[in-house]
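The values are calculated or read from the model by the stated rules, or taken from the named source; none is laboratory data. Owing to the predicted nature of the structure, the values given are computational and were not obtained by experimental measurement. Cβ placement follows ideal geometry from the backbone for every residue including glycine, while neighbour counts extend to all protein chains displayed. SASA here: full protein model, heavy atoms, side chains in, ligands and nucleic acids out. Shrake-Rupley method; radii C 1.70, N 1.55, O 1.52, S 1.80 Å.
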Amino acid sequence: MPAPPPREGSLEAPIRHPLDWRNPAFYDEGSLLEELERVFDICHGCRRCVSLCQSFPTLFDLVDSSESLEVDGVAQADYWKVVDHCYLCDLCYMTKCPYVPPHQWNLDFPHLMLRAKAVKYRVGDVKLRDRMLTSTDLVGSLAGIPVVSRVVNAANENALARRALEAVLAVHRDARVPRYQRETLRRAEPGRIGRAATGKPAGATTGKVALFVTCYGNYNEPDINADLIAVFEHNGIPVTLARQEQCCGMPKLELGNLAAVQTAKEANIPVLKALVDQGWDLVAMIPSCVLMFKQELPLLFPDDPDVQAVKEAMFDPFEYLMIRHKHGKLNLGFKQPLGRVVYQASCHQRVQNIGQKTREVLALVPDTRVEVIERCSGHDGTYAVKKESYPVAMKIVKPVAVRVAQAAPDHFGSDCPMAGAHIAHALGQDGRQQHPLTLLRMAYGI
């Protein structure tokens, strides 16, 4: 019997297959290029993802300028231009592609890009700058030294120093780079580490949370984590900190350094699993870090029961609060309206498939109107600071910034503080962004 013809799209729920990244065949460049050609040909015939990021316009421009006007006319050496523009936001998989598994074409574009990045990394095709930018623990611990932080922050605000940084490390002179704080969150909250507490369960929550602080939330914007702690404890949810933590591994994942991801996993998972065993739920303020534990590590280590246990216990902060609200456990004693709020739902929060929990929580505040922008900001942590990709990142964020400007809101920001800062940068309003957790604390008047 002949095989059935390919279906045009799929009505079935998408699934993600584990990554066989420890198989030597995963790094075979020949088979990788064959798979890139197969997938690029499908993408060329579809083109639904053209508005998401620069990877797809790059691919389609290569095809359209080739002699055959097909993927077979594109030099395989140019495939890497497509790979370099992918920052693994996952939106093509989650919101656009009709051919994701279980469709017979089995198209997982982000994980194919991850495989390509891993091949590049293994052969040493990685810039020193990218190794440094993704070493967030090392950079943060050095820049967080009080004397060093003053020097780093001053240099980042000096035009001459920024030109030198661009010349040496190819960090764009106009890109917004985060400040480093002398008083990190973990320094400010030593009494929370290892504390004991009793929570009031509600739904899937135990009513007490261990905060995965994150590199950015520790070294760059600890005030947002302080807002999270204040909001949660105002709702009767005790908060502790893990006794130690490393970067979740997402920056190294995006670089293709899967061995470093494994090292981070081996440092973090035992500590987090011990907290889960003690009855603590887990939250993190950065959506990418939540996604790392919810999706990427479980797909990289599908047979590790501790990884799976941490996955089940990890929550986005607003997801957690909405679960509590549905069981009558959210404090609704708001003191201050927020007016009109426009916020960008970060890509890595949307990929978690939890719905618009941030909007739902903020909408509980009286006299508050919330508008959600579901479009990528183009930041990605490092993409928006690199000399070669900063102009593209500014192009990607422009529609978001335009919508914010047109709305003229009382408050704007993003679930991802880096995305929020990038939007403010595009508006020429650096520092005006406010994280939704900050807004919720304002509404409580605490």
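A single member of 267, 259, 226 is in a helix (DSSP H, G or I) and under 26 Å from residue 345 (Cα atoms), and it is 226. The residue list 204, 154 contains one member that is closer than 17 Å to residue 232 by Cβ and out of contact with any Gly (no Cβ under 9 Å at 6 or more places or on another chain), which is 204.
Evaluation of residue 246 against the conditions (1) in contact (Cβ under 8 Å) with a residue 60 or more places away in the chain; (2) under 25 Å from residue 139 (Cβ atoms); (3) assigned to a helix (DSSP H, G or I) shows that the sole unmet condition is (3). Restricting region 360-384 to residues that are among the aliphatic types (A, V, I, L, M) and open to solvent by 10 Å² or more (accessible area, probe 1.4 Å), the residue that is nearest to residue 409 (Cα to Cα) is 370.
Could you please give the count of residues in region 39-54 that are touching a helix residue (DSSP H, G or I) at 6+ places or on another chain (Cβ under 7 Å), part of a helix (DSSP H, G or I) and surrounded by fewer than 17 Cβ atoms within 10 Å (Cβ to Cβ)? Number satisfying all stated conditions: 1.
No other residue among 88, 32, 36 is in contact with an Asp or Glu (Cβ under 6 Å, 6 or more places away or on another chain), in contact (Cβ under 8 Å) with a residue 24 or more places away in the chain and open to solvent by less than 70 Å² (accessible area, probe 1.4 Å) apart from 88.
Residue 188 meets all of the listed conditions (1) among the hydrophobic types (A, V, I, L, M, F, W, C); (2) farther than 27 Å from residue 254 by Cβ; (3) crowded, with 19+ Cβ neighbours inside 10 Å but one, namely (3).
When you scan region 304-398 for helices (runs of 4 or more DSSP H) that lie fully inside it, which ones turn up with 2 or more residues that are modelled with pLDDT of 95 or more, more than 16 Å from the chain's Cα centre (by Cα) and at negative phi? Break it down into steps so the answer makes sense when it comes.
On the way: elements: 305-313, 317-326, 347-350, 357-362.
In region 304-398, 305-313, 317-326, 357-362 are the helices (runs of 4 or more DSSP H) which contain 2 or more residues that are modelled with pLDDT of 95 or more, more than 16 Å from the chain's Cα centre (by Cα) and at negative phi.
Out of 179, 173, report the one residue that is open to solvent by 60 Å² or more (accessible area, probe 1.4 Å), assigned to a loop (DSSP other than H, G, I, E, B), of a type in the set (Lys, Arg) and in contact with an Asp or Glu (Cβ under 6 Å, 6 or more places away or on another chain). So that I can check it myself, show each step before the final result.
On the way: 179 fails: in contact with an Asp or Glu (Cβ under 6 Å, 6 or more places away or on another chain).
The match here is 173.
Listed residues 67, 34, 12; which is in a helix (DSSP H, G or I) and of a type in the set (Asp, Glu)? Working first, answer last.
Values: 67 fails: in a helix (DSSP H, G or I); 12 fails: in a helix (DSSP H, G or I).
After ruling out the rest, the residue left standing is 34.
Taken residue by residue, region 415-437 has at least one member that is over 29 Å from residue 85 (Cβ atoms) and assigned to a helix (DSSP H, G or I).
Can you tell me which residues in region 259-285 are more than 23 Å from residue 194 (Cβ to Cβ) and surrounded by 23 or more Cβ atoms within 10 Å (Cβ to Cβ)? Listed by number, the list holds a single entry, 261.
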